[in-house]
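As structure tokens, the structure follows; a few thoughts come after it.
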Amino acid sequence: MGASPDIAATRYAANEEVVARLREMADLLQQQGANPFRVNAYRHAAQTVELMDRDLGGLLEDGGRAALCALPGIGQGISGAIAELLRSGRMSQLERLRGALEPAKLFCTVPGIGPALARKIHDELHIDTLEGLEVAAHDGSLERIRGVGPRRAQAIRANLAAMLNRRRPFRPKAPRPSVAEILEIDAVYRRRAAADRLPKIAPRRFNPGARAWLPILHEQRDPWHYTALFSNTARAHDLGKTRDWVVVYCYDGDHRESQATVVTETHGPLKGRRVVRGREPECASWYRTRGDSSTA
């Protein structure tokens, strides 16, 4: 016998929520001028979930993200967004487009991270996703934050692995855009923002009047999709850098996300130059290839 209508409605309520959030992602991306490929990817994923005759939560529990990726039109990135929503009730990509992302609350969902440390992670490392936190936990960035030693970092890595249900080894050398392209996206973003040629969102943080002031850029440079925004962190506000620091989110063809923060360097041989934080040697090399002897 099949499930009663009431039981089926309860079971598939999560599916309906996923469909609604995926369609909202598509609508916001379209409104903000994102590449139609990305818009359609979220619409196709929503259609796949809508037509399912199985509860997504059960599918994730039984088969992990690999089971989500096996669904038509759902790749690594969108499966990660769906898994995040099912497990935490949040979808960080969507909240970013709404201007409502509160990364400190997201990081507090990881055992071993309290409110104070969560704020430090966001403000000092400029990351706002669990994926970004995982990278920081593996590449040594997390341990450079005061109060996080090797033992605590190891515990956070283990907790993140359990939360994200990793079925593949961590690969710190995963493909990422070149610093040249990230710097080009940064330049395009700042130029269009200065000319008031970008749509604006109303961030919830540091915006008591709910004013739409934060410009957002969506740009396609095959094989990468980019989203760029000025940093709206407490640290950026404290230092008066809200029109200098630019956070660039990079998505590959499967919508897997990485991110970079571009700033104006304040010391050393790159002083006054735009640099990708954490990739300064690559930036110096790139500037040298352009004939800039001051970075030698």
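Need the C-alpha centroid separation for segment 90-124 versus segment 65-85, integer Å.
21
Would you mind putting 130-143, 201-214, 259-272 in packing order, based on average other-beta-carbon counts within 10 Å, highest first?
Taking the mean over residues of other Cβ atoms within 10 Å, the ranking is 130-143, 259-272, 201-214.
For the chain, how many pairs of lysine residues have a Cα-Cα distance under 19 Å, where the two are 8 or more positions apart or belong to different chains?
Count of close lysine pairs: 4.
For the chain, take the alpha-carbon Rg, divide it by the Kirkwood Rh, and send me Rg/Rh.
Taking Rh as the inverse mean 1/r over Cα pairs, Rg/Rh reads 0.98.
For the chain, what is the accessible area per residue in Å² when the probe is 1.4 Å?
Value for the chain: 49 Å² per residue.
Once every DSSP H run of n ≥ 4 in the chain is given -39500 (n - 2.57) and the sum is divided by its residues, what mean residue ellipticity at 222 nm do you get, rounded to the nearest 500 deg cm²/dmol?
So the calculated ellipticity at 222 nm is -15000 deg cm²/dmol.
Nothing charged except the Cβ atoms of Lys and Arg (+1) and of Asp and Glu (-1): what's the magnitude of the dipole of segment 11-78 about its Cα centre? Round to the nearest 20 debye.
Dipole magnitude for segment 11-78 comes out near 260 debye.
The values are calculated or read from the model by the stated rules, or taken from the named source; none is laboratory data. Nothing here was measured: the structure is a model prediction, and the numbers come from that model. When we count neighbours, we look across all protein chains shown, and the Cβ atoms used for this are built from the backbone with ideal geometry, even at glycine. What goes into the accessible areas is simple: the full protein's heavy atoms, side chains included, and nothing from ligands, DNA or RNA. Shrake-Rupley method; radii C 1.70, N 1.55, O 1.52, S 1.80 Å.
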